[in-house]
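Reviewing the structure listed below.
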Amino acid sequence: MFQLFRANRCVVDTGIHHLRWSREVERYCTSPGQACSYKLGHTVFTEIRARARAKAKAKAAKGAWFDLKAFHDTVLNCGRVPLDILQRVGDD
């Protein structure tokens, strides 16, 4: 359900700013690109988490496991960083 909502936001955001649609939703008009950047960040973050889970699963034979709280602490404690930096932190 939320994926559909996010996809709709990306379409509306692009339409308002690039295609000069009428001002349908005030929030989108004041933050150009916000919906698209949010969705891109969400996609990258979930990919990083999936890779971390896969690494932990590969190490599971040695007694390791994926700790979601530790993962979130690691990637969120680096603060606002470019996505390539976030990927590096998450992959490490």
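Here are the numbers for the structure shown:
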quantity	calculated
Computed helical MRE - 222 nm, the chain, DSSP H runs ≥ 4 contributing -39500 (n - 2.57), nearest 500	-22000 deg cm²/dmol
Mean Kyte hydropathy of -1.0 or more with a Cα span along the axis of at least 30 Å, helices from DSSP in the chain	34-58
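Where a number appears in this text, it was derived from the coordinates with a stated rule and is not lab data. Remember, predicted model here, so these are calculated numbers, not experimental data.
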